[in-house]
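The values are calculated or read from the model by the stated rules, or taken from the named source; none is laboratory data. Everything numeric in this text was worked out from a predicted model, so none of it was measured. Methodologically, a virtual Cβ is constructed for each residue, glycine included, from the backbone with ideal geometry; neighbour enumeration extends over all protein chains shown. Keep in mind that these areas ignore ligands, DNA and RNA; they rest on the heavy atoms of the full protein, side chains included. Shrake-Rupley method; radii C 1.70, N 1.55, O 1.52, S 1.80 Å.
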Amino acid sequence: MPPRKVKKKKARASAQPVPPARAPRRRAKTVVILSRKRSLYSTRRLVEAIKQRGHRPLVLDTLRCTMILAKGHPRMMYRGVEIRGVDVVIPRIGASITAYGLAVVTHFDMMGVPVVNAAQSISRSRDKLRCLQYLSRAGLDIPRTVMAHDRSNVRKLVEEVGGLPLIIKLIKGTQGVGVMIAHTLQEVQSIVDTFWDLGQEIVLQEFVAESKGKDVRALVVGDRVVGAMRRQAKKEGEFRSNIHRGGEGQPIQLPPAYIEAAVGAARIIGLGIAGVDMLEGNEGPRLMEINSSPGFEGLEAATQQDIAGEMIEYALAFGESRRAAEPGHRRVS
């Protein structure tokens with residue numbers, strides 16, 4: 001009997017691993033930083049943070065931006081090249097170029113480009129009196145403040161802010177420039193007369209003695225305080241604690257009342273990114289002023305936090321939400 005042929009079983013094909021589906025590649029976004037100098041610490045750090053997240057930074061010198069208006073089609077030129085494809089703008093408008101800077105910010109908005117801090121909000125923050133008017137109307141605590149053009153009764157103005165000593169401020173000063181303390185009525189009269197004769201607008205403000213040359217800077221991003229420090233005047237007798245004036249910063253954890261005041265103040269003025277300066281009064285935070293283009297070198301050094309990264313994350317999310325909410329804000333391409 002012939003041997004039975006054994007049928008060979010075909011080897012079953014082994015299952016091949018299915019490669020995971022690739023996630024759709026995220027489009028790199030173009031983030032414009034309006035800044036006079038790329039070498040400034042804050043500008044450099046923002047550029048680094050944008051690159052770290054895989055996006056494209058574009059630093060534009062505000063004064064080199066050319067605005068072109070035509071019926072229904074505003075455009076922006078920069079050194080002869082038209083600006084296109086911008087996803088979001090972060091203004092860093094210095095006090096010396098406020099007027100032109102606000103026009104550039106408004107123009108980007110007209111082009112349908114989301115801008116983190118709107119021109120109107122920057123303008124509110126730059127005018128110390130207007131800023132305090134908004135905060136006072138909202139019920140936030142501020143130092144007693146007086147503005148007047150009538151120099152015939154300076155004594156009465158001094159009484160309105162609680163007497164001597166008092167603070168005299170230029171309406172549009174910055175980084176501690178144009179802020180003085182007067183200890184006598186004669187000093188007040190002399191300073192007031194000098195500035196009024198020069199056509200400068202000033203305010204007289206209560207001297208909050210318990211602050212003892214210290215203030216609190218809180219950096220607000222969106223609806224959060226992402227870093228805070230207490231600034232102390234370096235020299236004895238110096239009442240200005242600004243880092244640019246030699247003040248020293250120490251990181252602090254803000255009490256809830258201070259966080260609420262800082263976030264509320266930024267919201268009232270309409271700023272998505274803001275430096276909020278507060279005095280530590282006997283009864284809690286007293287709002288002093290708000291900066292729409294806050295420097296944060298001292299804050300990053302004091303807190304060791306990635307403040308620039310927080311600002312960029314907010315700017316990117318703000319741009320996305322603005323476009324989703326307002327179809328009119330389209331990406332200009």
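With protein chains left intact and a 1.4 Å probe, residues in the chain average 55 Å² of accessible area per residue. Springs join every pair of Cα atoms under 10 Å in this Gaussian network model of the chain, and among 187, 206, 260 the largest mean-square fluctuation is at 187.
Contact order for the chain, expressed relative to its length and based on alpha carbon pairs under 8 Å spaced 6+ residues apart, stands at 18 percent. Over the Cα atoms of the stretch 88-176, the radius of gyration divided by the Kirkwood radius equals 1.09; this is the Rg/Rh ratio.
Nonpolar atom fraction for the chain, defined as the carbon and sulfur part of the 1.4 Å probe accessible area, stands at 51 percent. Of all DSSP beta bridges confined to the chain, the antiparallel ones make up roughly 80%.
With 0.36 nm allotted per residue and the present C-alpha distance subtracted, the residue 147-residue 214 stretch has 21.7 nm of extension available.
3J(HN,Hα) along the stretch 153-162: 9, 5, 4, 5, 5, 4, 4, 5, 9, x Hz, from the Karplus curve 6.51 cos²θ - 1.76 cosθ + 1.60 with θ = phi - 60°, whole Hz, x for Gly and Pro. Taking the chain as a Gaussian network of alpha-carbon nodes connected by springs under 10 Å, the highest mean-square fluctuation of the residues 274, 308, 70 belongs to 70.
Each stretch of four or more DSSP H residues adds -39500 (n - 2.57); spread over every residue of the chain, this sum gives -9500 deg cm²/dmol at 222 nm. Each Lys or Arg adds one and each Asp or Glu takes one away; over the other residues whose Cβ falls under 12 Å from the Cβ of residue 190, this sums to -2. Computed from phi, the 3J(HN,Hα) profile of the stretch 293-309 under the Karplus parametrisation 6.51, -1.76, 1.60 (θ = phi - 60°) reads 10, x, x, 9, 4, x, 5, 5, 5, 6, 9, 6, 9, 7, 5, 4, x Hz, with x in place of Gly and Pro.
Between residue 200 and residue 67, the modelled labels are 2.8 nm apart [label points 7 Å from Cα along Cα→Cβ].
What the Kirkwood sum gives for the stretch 55-204 is a hydrodynamic radius of 18.1 Å, with every pair of different alpha carbons counted.
Springs join every pair of Cα atoms under 10 Å in this Gaussian network model of the chain, and among 161, 263, 81 the largest mean-square fluctuation is at 81. With 20 Å bins from zero, work out the P(r) of the chain over every alpha carbon pair and list the percent per bin. Histogramming the chain at 20 Å steps yields 28, 48, 15, 4, 3, 1, 0 percent. Farthest toward the positive end of the dipole of the chain, out of 54, 281, 164, is the Cα of 54, where the dipole comes from beta carbon charges about the Cα centre. Karplus-derived 3J(HN,Hα) values for the stretch 137-150, using 6.51 cos²θ - 1.76 cosθ + 1.60 with θ = phi - 60°, are 4, 7, x, 7, 7, 10, x, 4, 9, 9, 10, 7, 10, 8 Hz; glycine and proline are entered as x.
For residue 202, the residues whose amide H sits under 5 Å from its own are 171, ignoring neighbours fewer than 5 places away on the same chain, with H placed 1.01 Å from N. Taken about its Cα centre, the chain carries a charge dipole of about 3840 debye when Lys and Arg each add +1 at the Cβ and Asp and Glu each add -1 at the Cβ.
For the stretch 147-195, applying the loop criterion from DSSP together with a ceiling of 14 other beta carbons within 10 Å to the trypsin sites (Lys or Arg not before Pro) yields 151. In terms of distances greater than 21 angstrom between alpha carbons, the cross-link table entries 169/214; 169/212; 128/234 yield 128/234.
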